[in-house]
1. Exactly one of these conditions fails for B:MET69: (1) under 22 Å from B:SER22 (Cα atoms); (2) surrounded by fewer than 16 Cβ atoms within 10 Å (Cβ to Cβ). Give me its number.
2. Among the residues of region B:114-166, which ones are closer than 17 Å to B:TYR177 by Cα and within 16 Å of the ligand (Cβ to nearest atom)?
3. Name every residue in region A:47-57 that is more than 14 Å from chain B (Cβ to nearest Cβ) and surrounded by 14 or more Cβ atoms within 10 Å (Cβ to Cβ), in order of residue number.
4. Residues in region A:51-60: is at least one more than 18 Å from A:ASN13 (Cα to Cα), away from the ligand (no atom under 16 Å from the Cβ) and in a loop (DSSP other than H, G, I, E, B)?
5. Within region B:149-185, count every residue that is within 12 Å of chain A (Cβ to nearest Cβ) and farther than 20 Å from B:THR107 by Cβ.
6. Considering each of A:ARG26, A:ARG18, A:ARG38 in turn, give the residue that is under 30 Å from B:ASP153 (Cβ atoms) and of a type in the set (D, E, K, R).
7. Cβ-Cβ distance below 7 Å, separation of 6 or more or different chains: which pairs start in region A:58-72 with a residue that is without any contact (Cβ under 8 Å) to a residue 12 or more places away in the chain and end on one that is within 10 Å of the ligand (Cβ to nearest atom)?
8. Kindly check whether there is at least one residue in region B:39-60 that is part of a loop (DSSP other than H, G, I, E, B), modelled with pLDDT of 95 or more and in contact with a helix residue (DSSP H, G or I) (Cβ under 7 Å, 6 or more places away or on another chain).
Amino acid sequence: MLLVPCPNCGPRNASDLRYVGEAGPRPDPNTATEAEWRSYLYIEDNPAGLLRETWYCRAGCRRYFVAERDTTSNEFVNSPLPGNKIGGKA
Amino acid sequence: MPISIPKENASVADQASLTFESPVLTKPKGGSDSGPTLEDLSGLTKTVIRAEPNAMDPPFGQALAVGDMLLCGQRPGEWLAVGEASDCAAFVDGLDRSGHVSVIDHTHSRAMFRLSGSAAPKVLEKICSLDWSDAMTPTGAVVSASVAKVTCDIARVDSDDGAPAYLIACDRSFGQYLFDAIADAGTEFDLRAL
Ligand SMILES: [Zn+2]
């Protein structure tokens, strides 16, 4: 079981949340090229190590937040903050 | 071409005259007086209020008795008022509308049950992954989580005699299933459906 630290609800079973994807800055839609959009939407870094990712607290507070997880140990680091929606699709 | 609006969506006031029918049509038999009880309270008026997160008490995660009505902070900036229709209507009338506020009547779209008795936390533990110990979810706690795979809003409001009691609300279409699932989980504790 993966315990995801929701900033509103506390640690929750990952089945109570939805994984949204890697969090990153959204390119400016007015100036981004098609390649940049495609990269933003579909290309993931998938690092072995620390990764910032967006989660949606589906069964709990129904808020998006960004958490940082070590993909090699599944440990979450640096407690997420409520309302931190950088790169989220809220 | 003009869009036609069904009458039931035309005015909230019209809905006051609708007869309420619970989604729970059958209740399992059995249980004993010593076991926990499961009661269908779907007929209570359930009003959802959305406003700025700190617009009023209680804060997210807590419940507060307002007269005979219960006000639950069920999400940041979202409250559920549960009680008799007249109490909820009076509360809504008295809301401070100076900010961005929305009020929606969920009475007919949500089922609500009350699970109570000393074994009630044990019943919930079987079908919900949250920590139902007194330390984590004391009386007055409000949480949202999956119960038997159904997304629910839960408020712990203990009985007058101190026995743990939970108000569990889910979407109406899951009402009969969830009632049966909770009753099934309570079988080994002699749960009685009221
Ligand atoms: Zn949450």
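The values are calculated or read from the model by the stated rules, or taken from the named source; none is laboratory data. Since the structure is predicted, the reported quantities are computational estimates derived from the model, not experimental observations. All Cβ positions, even for glycine, are placed from backbone atoms using ideal geometry, and neighbour counts span all protein chains on display. Protein only, heavy atoms only, side chains kept; ligands, DNA and RNA dropped before computing areas. Shrake-Rupley method; radii C 1.70, N 1.55, O 1.52, S 1.80 Å.
1. (2)
2. So the first thing to find is which residues in region B:114-166 are closer than 17 Å to B:TYR177 by Cα, and the list is B:114-115, B:123-124, B:126-128, B:145-154.
Selection gives B:CYS128, B:ALA145, B:SER146, B:VAL147, B:THR151, B:CYS152, B:ASP153, B:ILE154.
3. As a first pass, look at region A:47-57 and keep what is more than 14 Å from chain B (Cβ to nearest Cβ): A:47-55.
Result: A:LEU51, A:ARG52, A:GLU53, A:THR54, A:TRP55.
4. no
5. So the count comes out to 1.
6. Details: A:ARG26 fails: under 30 Å from B:ASP153 (Cβ atoms); A:ARG38 fails: under 30 Å from B:ASP153 (Cβ atoms).
Every option except A:ARG18 fails the conditions.
7. A:ARG62/B:ARG75
8. Within region B:39-60, one or more residues are part of a loop (DSSP other than H, G, I, E, B), modelled with pLDDT of 95 or more and in contact with a helix residue (DSSP H, G or I) (Cβ under 7 Å, 6 or more places away or on another chain).
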